[in-house]
1. Can you list the equivalent-ellipsoid semi-axes of the stretch A:440-491, largest first and in whole Å, using the square root of 5 times each Cα gyration tensor eigenvalue?
2. Using the Cα centre as the reference, give the magnitude of the dipole from point charges on the C-beta atoms of the protein assembly as shown (Lys, Arg: +1; Asp, Glu: -1; all else neutral), rounded to the nearest 20 debye.
3. Report ³J(HN,Hα) in whole Hz for each residue of the stretch B:89-104, in order, from the Karplus equation J = 6.51 cos²θ - 1.76 cosθ + 1.60 where θ = phi - 60°; Gly and Pro get x.
4. Could you tell me the calculated FRET efficiency between A:Q258 and A:A134, based on Cβ-Cβ distance and R0 = 45 angstrom, to the nearest 0.05?
5. The stretch A:394-571: Rg/Rh from Cα coordinates, Kirkwood Rh?
6. What FRET efficiency, computed as 1/(1 + (r/R0)^6) with R0 = 45 Å and r the Cβ-Cβ distance, is obtained for A:T389 and B:Q57, rounded to the nearest 0.05?
7. Over all alpha-carbon pairs of the stretch A:314-405, lay out the pair-distance distribution in 5 Å bins, whole %, shortest bin first.
8. What's the Kirkwood radius of the stretch B:1-130 in Å, using all Cα pairs?
Amino acid sequence: MITTRTDQRSSAAASTAATPDGLAEPPRMLTGAQIALESLIREGVDTIFGYPGGANLWLYRHLPDYPALHHVLVRHEQGGAHAADGYARSKRGSVGVVFATSGPGALNLVTGLATAYMDSVPVVAITGQVSSTAIGTDSFQESDVIGSTMSVVKHSYLITRVEDIAPTIKEAFHIARSGRPGPVLVDFPKDLQAAVTAFNYPEGPVRRRSYPAPPRPDPAKLRQIAELIKGAKRPVILAGRGVLIAGAEEELAELAHQAHIPVGWTLLGTGAFPVTDPMALQMVGFMGAGYTNKAVCEADVLIMVGMRCDDRVTTRLDSFAPRVEHLVHIDIDPAEIGKNVIPHVSVVADAKVALRELNLLVEPKREHAWLTQIDQWKEEHPVRFTNHTGLLQPQQVLEEMYARCEDEAIVLADVGQNQIWAALWFNYRKPGLFLNSGGTGTMGYAFPASMGAKLANPHKTVFCVTGEGGFVMNMQEMATMVENNIDVNVVILNNSSLGMVRQFQDDFYDGVRSAVDLTFTPDFVKLGDAFGMKAMSTDRLEDVGPMLDEAMAHKGPVLLNFNIDPNANVYPIVPLGMGMLDFVEAS
Amino acid sequence: MTQSRLLSVLVDNKPGVLQRVASMIRRRGFNIDSLSVGPTDDDTISRMTITVHVGRQQAEQATKQLAKLIDVITIDDITGLRNVAHELVLMRMQAPPGERTELLNLVDIFRGRIVDVAASSVIIEVTGSAEKIDNFIELMRPFGIKELARSGVVALVRGDQARIRLMDFAIDGDEPPTEPSRLQGVAGDNTGTV
Ligand SMILES: Cc1ncc(C[n+]2csc(CCOP(=O)(O)OP(=O)(O)O)c2C)c(N)n1
């Protein structure tokens, strides 16, 4: 039964703090919108990125009644979705929250949800929907949001009864953050936002027979893996984002040090293992370090932890780890096991639990010959760049930036050449946060996501590395940054082109440059000025350090435009269709 | 080598489940040969019986991806087990009063039934394996099929023991299962290829 609330003045009742559980006070009668907001507070939410519109106005009507919920008005819903993603990625255990209205507002979330889905990021999107009585009539701003987002969310709900609001939101958060995390969408019809019911937040853990907790690692499998490590002559570990999600960095380091196993990582696993560790390899795969690819191709025992092993990792599938005798795959998602490569031994479990229990079984050992071989490859195939032009090189900018990160700053990278350079030059002596859209490769991700990261980590320095192409894809968020004085240092590596595509065209598409020129890009200093955002620009190396220092000293967002060598390329790179060992290096 | 796999899936009886299942199968590039849905003895749970045309390796992937859907309670690949897998066909046949005997004989042989009789046609109902129904349809063709409706497969494994008992999913306590369940798949363990 839906009763429509007519007296909005009594909403004052809702702003009184929630009564502590257990007190025998009668449940308060609240509107659906109030229930949703109260539920968010119960789930520990403090920040919401959102955009209002006709179908979520009851939510916005009551938002000011809840000062515990800090709402950030983004300038485009895509920016909101990425900001929620950046918030969640950078603060373990948190869930990013984004609001959008029905129809166009909700549909603007799709790319952001897909980005979060591919990279297993817990986000809850609450979208306004037309009145439940109008659904299906093509009413104004109606769209089938559940249908449109089905393949890019972990789960979604259409609320159909006012009593379901609190349990649905509780379940949505549980599903978003548990198991393999992911985005969950709650589609919330307008009439139900106004309908009134008694507010009772469900007690206790969420239980659904169709959503079991992840299994504990199978001890027999762990013993088997420990035996394999014992017998291994050329062991290698590859770490993915699952290690970071699980918070298993220490366990990973312990395993690597106990048995002296070299550790490489995926793009999304960057930061899971200290780059300067003696056991550290580097990024693997398509644009990975040559020595990591060599190690993987020589390995007899390869242990993959918390990764999907996609084509960016394997390059041509038959070239991946050809000498491996025992492939071990540990992942929380059973569907990842055997999807792209078929392991000999697999463990379905949380990476932290699996590694912790594995470490109890692994004996100290050291394969001297193997480690010597690896050191030799490191010398033969260093990650490096060349400068034939004397122009500012992107890596020089990044070296200056990383020199100021002190192993602490959160670094976000967008998509394209800037992303790979930023990943390969990431240099932390301990685990750290390097966030990027590794799975979908969404240009325009980093800038809005960096707002989320900074708001989630007010005491950490945040750098956003981006190309000028990706930056302009969501540059409207400059207004949000300035309005909220979000202290992010944006490093634009400006090569006046869609650099990664340009490089592909030069090398793999007959050298025909087509639709990649970005000469017509705004003057970023004037642009910053127009938005009220401090901005600086240079093409000279000697300016880079001082500009970064000034940006860091400034309390607020800063735009740094670096005009780099327009022909700078990403190396190493495996030419399209080639195998892991066919990487081409900087010459 | 591809083959038909027969999947028996229990799902929460909620709106949109059919779309989620169908969309997952399509998105992962598998083809549905047949799909049928209906409630079980517990009205909060529906059973879907799905025939997908895939290779062995893909079947495992399809199964695991489906298992991941939040509304899917459990999924059982019953291909090749001793199972009863039946379809139902309804056919409106050309059958003027004087020419019905031969038709009725065949219906009898296939243990079918006449479920409707009209002036010059009858509706026949036959149930059984896909093969039996294929054969029956072929035999009926010469008589003149006016209309035909065929269901998807529904299936259960033979024997006393239920493969999936709903009580297995009663929820008690917060302890995660200690034994890896059937679905926590050990895809291709020890198959030796990479
Ligand atoms: C939304 C989106 N559209 C298109 C692409 C394809 N794409 C990948 S990299 C790239 C070029 C990026 O150029 P820029 O942002 O200037 O960064 P650069 O590669 O120059 O560092 C393009 C167009 C993409 N990844 N995302």
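FYI, it's all coordinate maths here, none of it is from the lab. Not measured: the values here are computed from a predicted model. Here Cβ is always computed from backbone atoms with ideal geometry, including for glycine, and neighbour counts include all displayed protein chains.
1. Numbers: eigenvalues 63, 29, 16 Å².
In descending order the semi-axes read 18, 12, 9 Å.
2. Dipole size: approximately 1140 debye.
3. Each residue's phi maps through the Karplus curve to give 10, 10, 10, 8, 9, 4, 7, x, x, x, 10, 9, 4, 4, 4, 5 Hz.
4. That gives a FRET efficiency of 0.15.
5. Rounded to two decimals, Rg/Rh equals 0.94.
6. 0.35
7. 3, 9, 10, 12, 14, 14, 15, 12, 6, 3, 1
8. One over the average 1/r among Cα pairs gives 16.9 Å for the stretch B:1-130.
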